[in-house]
Every structure is written in structure tokens, then in C-alpha cells.
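Colleague: Have a look at this one before I ask anything.
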Amino acid sequence: MRRVILPHHISDDSAPAGGVLRDFAGRSMGTSWSVRLVAAPTVTVSHLQQGLQQQLNSVVAEMSHWESDSNLGRFNRAPAGSWHDLPPAFFDVLSFALDVARASGGACDPCAGTLVNLWGFGPHGRFDQPDFIAPTLDAIATARAQLAAARKDMQLAPAPARRAFQPGGIELDLSAVAKGYGVDRLAYYLKSQGIAHFVVEVGGELRGAGVKPDGQPWWVALEQVEQGQQGSNDELVLALHGLAVATSGDYRRYFERDGVRYAHTIDPRSGLPISNGLASVTVIHAQCMAADAWSTALTVLGRVDGLALAERQGLAARFVERIIEHGHVTYHEYLSTHLRSMLDE
């Protein structure tokens with residue numbers, strides 16, 4: 001069965017008369033990005049390639065934990081007890097990530113970069129290097145204690161100051177939100193250039209607006225855990241019209257030791273990679289930054305607590321749980337009420 005997800009609000013703004021599809025692509029944040037848009041045949045759009053790339057370059061320059069000279073990198077290396085002026089975008093993204101951390105009970109914490117690094121998923125001491133050794137329980141406990149102590153003193157001074165306080169020991173990691181923000185940034189840029197019909201993608205996270213030249217929305221299939229895992233007759237297709245979508249899962253990045261899979265998503269509350277049986281969580285939202293952050297938080301919380309939080313927050317979320325019995329793997333799907341309300345029956 002092919003199921004269709006539709007937005008609650010549909011714009012009647014049609015694509016430009018005689019509009020044609022134009023494609024742009026590049027690389028950023030360790031992955032690829034792409035844009036497909038509709039433009040009138042008489043409109044020049046060649047300048048957009050450079051403009052789009054510059055938008056993502058700005059995100060990297062401010063928020064990358066892979067670039068030592070980024071604003072985030074300098075904050076992480078700053079001495080204890082120091083205040084730092086942050087660029088407006090960086091401040092807003094960090095503020096939002098901290099809001100999600102509070103709402104999720106710390107399930108997705110941008111201050112937990114030390115724990116991510118311990119497990120080899122940061123820029124140094126990578127899990128895929130031959131000399132990598134998984135952290136001991138004592139090392140994890142020490143890192144958690146240090147994070148808890150520093151986290152109490154972490155402060156943000158709101159606009160017009162837009163400053164952050166480094167109490168010492170805080171390692172920011174915005175990887176659960178910055179890529180989604182990058183998608184939004186591309187969308188904002190296109191709108192500023194008079195482009196109203198497009199689909200934007202960065203590393204698998206997407207946002208769409210308007211329609212294609214034939215009047216159809218930008219149709220995308222929700223990401224599956226394994227090829228064909230839901231069955232060819234059980235495809236979920238989303239009309240990406242004024243919506244964004246992001247998926248978090250334990251199948252994207254992980255390493256195995258002694259037959260145990262260690263997912264790249266770390267639960268800041270325990271300091272351990274998630275092992276709650278969730279294979280993936282997809283969130284549909286108006287903003288890709290929100291979809292990105294919430295998909296991670298819900299993944300960490302697990303199916304029961306995650307679904308409960310999705311209901312409280314009014315999130316359109318899809319949970320895919322992996323069940324292993326007698327060596328046989330099956331997948332069970334759970335949809336939040338808000339997502340069910342978007343299904344075209």
C-alpha cells in the first residue's frame with residue numbers, strides 16, 4: 001500500500017508560467033547538498049550556485065566542531081569563566097538546541113560534545129581508526145560528572161548581547177541541528193532571491209516549497225532503515241510543500257565490537273550509545289532545524305517516551321522499531337497523532 005502524507009495548509013501559488021527546472025549541487029558539512037528549483041525561462045539563476053554555497057560555508061564557519069577556527073571551535077577551546085560574542089545565527093541555533101535539550105530532559109544536548117568525542121564520533125580519535133579504543137565506564141562516568149558540573153553554569157545572554165558563557169569543560173556539538181539549519185538557510189536564501197518553488201537537500205534532510213512546473217508537489221519517500229524493509233507495498237510518500245523532513249537512525253553511522261553495534265547517537269544522560277531498539281525516527285516540521293533536532297531527541301528517548309513527547313509537542317513523527325526474535329528481524333511502525341492526521345486516507 002502506498003500511503004500519502006499531505007500538508008495541512010496548501011498554497012494556491014502556482015509555478016511561473018513556462019517555468020523550467022534548474023539544478024544546483026555541491027558539498028558541505030562532510031556531505032553533499034542539492035537544490036532543484038523552478039524558474040521562468042527568462043530569469044537568470046546562474047549566480048545562485050555561488051550564493052547557495054556561501055550560505056553553507058557561513059554555517060560551517062560559525063558552527064562546525066570539525067573546524068578548529070570556527071566560532072564554535074574557538075568557544076570550545078576558550079578558558080573557563082569567559083564570555084563570548086556569538087554571530088546571530090549561531091546564537092539562535094544554539095538557543096534552539098538548548099530549548100530542545102530542556103524539553104527532552106537532556107536527551108539531545110548540544111553541550112555533550114565530550115561524550116560524542118569519547119566514542120569516536122567527533123573530529124579526533126575516530127572510531128574508524130585502527131588505534132581507537134572504546135571508552136571505559138570510568139572514563140564515561142568522569143566525563144558525565146564534568147559535563148553535569150559545567151552544564152549548571154552554562155549561560156546565554158539574549159539579544160542584543162548574544163553572548164555565551166564558557167564555564168570550562170563545555171564542548172559544543174551542534175551536529176544534531178546544524179545540518180537542518182543549513183537546509184533552512186538555503187531555503188531562506190532562495191526566497192530572498194525571488195525563488196518560491198524549490199526542494200532543498202543537505203545530507204538527506206529536505207525542505208520544499210511551492211510546486212513543480214506541472215503543478216505537482218515535490219514528492220519524496222520517507223527514508224527506510226533497510227532497502228525494502230517496510231515492504232514494497234508499504235511506502236510512505238510525503239508532499240514536501242511548505243514542509244521539511246529529517247530522519248535519525250542507528251544504521252547511518254556505527255561501529256561493531258565483539259558482535260555489538262554501537263550507534264553514533266549518544267544518550268547524554270547515560271553517556272552511552274543508544275540501544276533502545278529504535279531503528280529510526282522521522283520528523284516532519286515547517287523548519288528543518290526543528291525536524292533535525294527533534295528526530296535526534298526522540299530517537300534517544302526510545303519509542304515509548306519518544307512518542308509521548310511527540311504527542312505533547314504536537315510533532316509529526318514516525319518511529320520504526322527493530323524487533324529481533326530467534327535471529328529474525330522485523331520492523332514495527334508507530335505514528336504520532338499529528339502525523340496520522342496528515343495521512344491521505
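Colleague: Using a Gaussian network model of the chain whose springs link C-alpha atoms within less than 10 Å, name the residue from Lys179, Lys212, Lys191 with the highest mean-square fluctuation.
Modeller: It is Lys191.
Colleague: Provide the percentage of antiparallel DSSP beta bridges, counting only those with both residues in the chain; round to the nearest 5.
Modeller: Once the DSSP bridges in the chain are tallied, antiparallel ones form about 95 percent.
Colleague: Here's a follow-up. Based on alpha-carbon positions alone, could you give the equivalent ellipsoid semi-axes of segment 111-248 from the gyration tensor, as √(5λ), descending, whole Å?
Modeller: Values: eigenvalues 278, 119, 28 Å².
Calculated on Cα positions only, the semi-axes equal 37, 24, 12 Å.
Colleague: Which shape class, rounded, prolate or oblate, goes with the chain when its Cα gyration tensor gives a ≥ b ≥ c as root eigenvalues, a/c under 1.5 marks rounded, and past that a/b bigger than b/c marks prolate?
Modeller: Numbers: a/c = 1.86, a/b = 1.23, b/c = 1.51.
Cα axes put the chain in the oblate bin.
Colleague: Once phi is turned into θ = phi - 60°, what whole-Hz ³J(HN,Hα) does the Karplus curve with 6.51, -1.76 and 1.60 give for every residue of segment 242-248, x standing for Gly and Pro?
Modeller: For segment 242-248, the Karplus-derived couplings read x, 9, 10, 9, 9, 10, 10 Hz, x marking Gly and Pro.
Colleague: What length, rounded to one decimal in nm, is gained on full extension from Thr337 through to Asp23, with 0.36 nm per residue of separation minus their alpha-carbon distance? If you can, show how the numbers build up before the last one.
Modeller: Values: separation 314, 0.36 × 314 = 113.04 nm, distance 3.55 nm.
Fully extending the segment from Thr337 to Asp23 adds 109.5 nm.
Colleague: If I compute solvent accessible area with a 1.4 Å probe over the protein chains, what percent of it on the chain is carbon and sulfur? List each step's numbers first, then the result.
Modeller: Numbers: 7920 of 15780 Å².
The computed percentage sits at 50.
Colleague: Then there's this: Quick one: grab the alpha carbon gyration tensor of segment 256-341, order the square roots of its eigenvalues as a ≥ b ≥ c, and give me rounded if a/c is under 1.5, else prolate or oblate depending on whether a/b is larger than b/c. Mind dumping the intermediate values first?
Modeller: On the way: a/c = 2.34, a/b = 1.47, b/c = 1.60.
Oblate, since a/c reaches 1.5 and b/c is not below a/b.
Colleague: Residue by residue through segment 329-341, what is 3J(HN,Hα) from phi via Karplus (6.51 cos²θ - 1.76 cosθ + 1.60, θ = phi - 60°)? Round to whole Hz and write x for glycine and proline.
Modeller: Working through the residues one at a time gives 9, 10, 10, 10, 9, 9, 10, 5, 4, 5, 6, 4, 5 Hz.
Colleague: With springs only between Cα atoms under 10 Å apart, run a GNM on the chain and tell me which of Arg322, Arg312, Arg163 wobbles the most.
Modeller: For the chain, modelled as a Gaussian network with Cα springs under 10 Å, the answer is Arg312.
Colleague: I need to check one value: relative contact order of segment 1-51, counting alpha carbon pairs closer than 8 Å and at least 6 residues apart, in percent.
Modeller: On the way: 41 pairs, mean separation 15.8, N = 51.
Contact order relative to length: 31 percent.
Colleague: Full-extension gain between Val304 and Ser32, please, as 0.36 nm times their residue separation minus the C-alpha to C-alpha distance. Each step should come with its number before you reach the end.
Modeller: On the way: separation 272, 0.36 × 272 = 97.92 nm, distance 3.34 nm.
Result for the pair: 94.6 nm of gain on full extension.
Colleague: Taking the Cα centroid of segment 289-341 and of segment 86-120, what is the distance between the two, rounded to the nearest whole Å?
Modeller: For segment 289-341 versus segment 86-120, the Cα centre distance is 20 Å.
Colleague: Using a/c under 1.5 as the rounded threshold, could you call segment 1-143 rounded, prolate or oblate? The axes a ≥ b ≥ c are square roots of the C-alpha gyration tensor eigenvalues, and prolate needs a/b larger than b/c, oblate otherwise. Mind showing how you got there, number by number?
Modeller: Working: a/c = 2.08, a/b = 1.87, b/c = 1.11.
It comes out prolate by the Cα gyration axes.
Colleague: Okay, next question. What number comes out for accessible area per residue over the chain if the probe is 1.4 Å? Units Å², please. Walk me through the intermediate numbers first.
Modeller: Values: 15780 Å² over 345 residues.
For the chain, the solvent-accessible area averages 46 Å² per residue.
Colleague: Could you name the lysines in cross-link range of Lys152, using Cα to Cα under 30 Å and dropping any fewer than eight places away on the same chain?
Modeller: Those lysines meeting the cut-off are Lys179.
Colleague: Okay, moving on. Would you mind telling me which residue in Ala157, Ala112, Ala17 has the biggest mean-square fluctuation in a Gaussian network model of the chain, where springs connect alpha carbons within a distance under 10 angstrom?
Modeller: Ranking Ala157, Ala112, Ala17 by mean-square fluctuation puts Ala17 first.
Colleague: Another question, then. How much net charge surrounds Val199 when only the other residues with a Cβ under 10 Å from the Cβ of Val199 are counted, with Lys and Arg +1 and Asp and Glu -1? Intermediate values should be presented prior to the final figure.
Modeller: Values: positive: Arg36, Arg207, Lys212; negative: Glu201.
Neighbour charge sum, excluding Val199 itself: +2.
Colleague: Cα centroids of segment 34-51 and segment 62-77: how far apart, whole angstrom?
Modeller: Going from one Cα centre to the other spans 32 Å.
Colleague: Applying the Karplus parametrisation 6.51 cos²θ - 1.76 cosθ + 1.60 with θ = phi - 60° to the phi angles of segment 179-186, what ³J(HN,Hα) value in whole Hz is obtained for each residue in order, glycine and proline being reported as x?
Modeller: Once rounded to whole Hz, the list reads 5, x, 4, x, 4, 4, 4, 5.
Colleague: Still on this structure, I have one more. Hey, can you grab everything whose amide H is under 5 Å from the amide H of Leu206? Only 5+ residues off in sequence or another chain; H modelled, so Pro and N-termini drop out.
Modeller: Val245
The values are calculated or read from the model by the stated rules, or taken from the named source; none is laboratory data. Computed from a predicted structure; not experimentally measured. Cβ coordinates were reconstructed from backbone atoms using ideal geometry, including for glycine residues, and neighbour counts include every protein chain displayed. Quick note on the areas: whole protein, heavy atoms, side chains included, nothing else; ligands and nucleic acids left out. Shrake-Rupley method; radii C 1.70, N 1.55, O 1.52, S 1.80 Å.
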